[in-house]
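**Student:** Handing you a structure now.
The values are calculated or read from the model by the stated rules, or taken from the named source; none is laboratory data. None of the values given here were measured: they were computed from a predicted structure. We place every Cβ from the backbone using ideal geometry, glycine too, and count neighbours over all the protein chains shown.
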Amino acid sequence: MRKFFLLAVVWLCVLQVHAQHKNTWQVYETARGNEHLLQQLDDIPTAGSVQPLESERVVFADTTHRFQVHTGMGGAVTDAVAVVYDSLSESTRAAFIQACFDQKNGLGYNLIRVPVHSCDFSPESYTYITEGDSTLQTFSIDHDRTYRFPLLQHIQSVAGKDLLLYASPWSPPAFMKTNKDMLHGGSLLPEYRTAWANYYIRFIQEYEAAGFPVWGLTVQNEPMAVQRWESCIYIAEEERDFVRDHLGPALHAAGMDDKKLIVWDHNRDLLFQRAATILNDPEASAYVWGVGFHWYETWAGGEPMFENVGLVNSSFSDKALVFTEGCNELFRREYLGSWAHAERYGEAVIEDFNHGTTAWTDWNLMLNMYGGPNHVGNYCFAPIHADVASDTLLLTPAYYYLGHFSRFIRPGAVRVAAGTNHSDLLTTAYLHPDGSLTVVVMNKSDLPISYQLQTGQESAKMAIPAHAIQTCILR
């Protein structure tokens, strides 16, 4: 009897060990050198954890160390996107919406950024009021009903209640500015600060009355850039004072204190200076939910300043970090198949997530085959381009790279500790409420790499091609 008991104990231990290592990794891959585009590979079984040798490549994730909760990913619905959408057939429109918002076969986006009246990616410059109307008596969003609203309604039908929409202004109306021009910079005149704050309120009220709930808003798109298109300059103290004394109180007075107010909305280079100026003021900080940023500090050949994202995260841990815009700025037809553009997206998403970013928003969801339309000729690249003449969509490599994050890292997931021992491998990892673990691995080198994927007491042998990205899911 004693012998039988001991054998039973041993057998139970064997079963427990086996149960610990019966999990498998689902692997999805996109690679420059093969035809894999979000291609699901054969599952990889896990085994017991082993000490890696110094010569081995390792990607590790540790779910006991947890960081920011993921809000989501998405892109912008500009007038340009809406006009291109309107030019397509019903079936191609449906294919576009599925490509962006379907959770199973598309990107699974849940974030949408919309401009407040016009921006560079509008066929023309316009506002919602007649010139000089500081009381907003003529305020009307009828302009948006022709192109934007049908697109937004189609998006809602697929994304459903999970859709989060936020708004960004590029410029106040011309009469409210020092240069009397919506374009070419200029600043908001002090006497119109209250009227401009009320303009945000009216925008939110009208959009919500039309059936589009507004989750949040940014104060000003790129407040330190004088552009040949719609733009407006705020130095840090001016943005702080506008938030503290006008926009914040206006939102609260209108019962909109639940709207996520995001400051800065410009590049990583001055991110900390702007955040510190605003958030070190307790009154201004009380109105602010998060700090937004773009990636255009690299436009002149500079390096991405990811460390500034981390500095804001560590200094103001109670505020969210949101990537609000990024695109490959210069459009050329040969860029439509660019893998370098895809890798720029992949590296930026991984590094921004690892430095504390909770949400990541691409620029235009779709443009035409010329990178527009755009009323100042500022044509850009997008992950999806539409050939209106042939009524077809072109999904670029960047589209598939973005899908490795947006489809498999879902809102509510929490980032966990992850890293590698090889400079050519980049990684980030998220734990979902159902217990599944998602690890994204990117190889930016010219050579394939074999690596161990280690998570706690488990490991698996993996291989990633040169210039490739993989999403690995442990359930």
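**Student:** Which ranges mark the strands (runs of 3 or more DSSP E) fully within the stretch 18-132 that have 2 or more residues being closer than 30 Å to residue 229 by Cβ?
**Tutor:** Correct list: 72-76, 111-116.
**Student:** Within the stretch 333-346, does at least one residue satisfy the condition of being among the charged types (D, E, K, R), modelled with pLDDT under 95 and surrounded by fewer than 18 Cβ atoms within 10 Å (Cβ to Cβ)?
**Tutor:** Yes, there is a match, as at least one residue in the stretch 333-346 is among the charged types (D, E, K, R), modelled with pLDDT under 95 and surrounded by fewer than 18 Cβ atoms within 10 Å (Cβ to Cβ).
**Student:** Which one of 252, 266, 246 is modelled with pLDDT of 95 or more and surrounded by fewer than 15 Cβ atoms within 10 Å (Cβ to Cβ)? If you could, list the steps in order and put the result at the bottom.
**Tutor:** On the way: 266 fails: surrounded by fewer than 15 Cβ atoms within 10 Å (Cβ to Cβ); 246 fails: surrounded by fewer than 15 Cβ atoms within 10 Å (Cβ to Cβ).
Residue meeting the stated conditions: 252.
**Student:** Does residue 226 fit the bill of being surrounded by 21 or more Cβ atoms within 10 Å (Cβ to Cβ) and of a type in the set (Val, Ile, Thr)?
**Tutor:** Judged against the criteria, residue 226 is not a match.
**Student:** Now for a separate question. Going residue by residue through the stretch 307-321, is there one that turns out to be of a type in the set (A, V, I, L, M), touching a residue at least 60 places away in the same chain (Cβ under 8 Å) and under 22 Å from residue 366 (Cα atoms)?
**Tutor:** Within the stretch 307-321, none of the residues are of a type in the set (A, V, I, L, M), touching a residue at least 60 places away in the same chain (Cβ under 8 Å) and under 22 Å from residue 366 (Cα atoms).
**Student:** Evaluate the stretch 147-165: report whether one residue or more is polar (S, T, N, Q), at pLDDT 95 or above and more than 25 Å from residue 82 (Cβ to Cβ).
**Tutor:** No: the stretch 147-165 contains no residue that is polar (S, T, N, Q), at pLDDT 95 or above and more than 25 Å from residue 82 (Cβ to Cβ).
**Student:** Applying the selection to the stretch 78-91, what residues are touching a helix residue (DSSP H, G or I) at 6+ places or on another chain (Cβ under 9 Å) and hydroxyl-bearing (Ser, Thr, Tyr)?
**Tutor:** The answer is 78, 85.
**Student:** Filtering the stretch 315-326 down to residues that are closer than 19 Å to residue 267 by Cα and out of contact with any His (no Cβ under 9 Å at 6 or more places or on another chain), which residue is surrounded by the most Cβ atoms within 10 Å (Cβ to Cβ)?
**Tutor:** This residue is 322.
**Student:** From (1) modelled with pLDDT of 95 or more; (2) within 22 Å of residue 362 (Cβ to Cβ), pick out the condition that doesn't hold for residue 276.
**Tutor:** Residue 276 satisfies every listed condition except (2).
Every residue, every condition in (1) closer than 26 Å to residue 74 by Cα; (2) surrounded by 19 or more Cβ atoms within 10 Å (Cβ to Cβ); (3) outside the structural domain of residue 256 (by TED's automatic domain parsing), yes or no:
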| site | (1), (2), (3) |
| --- | --- |
| 163 | yes, yes, no |
| 167 | yes, yes, no |
| 180 | no, no, no |
| 191 | no, no, no |
| 202 | yes, no, no |
| 217 | yes, yes, no |
| 232 | yes, yes, no |
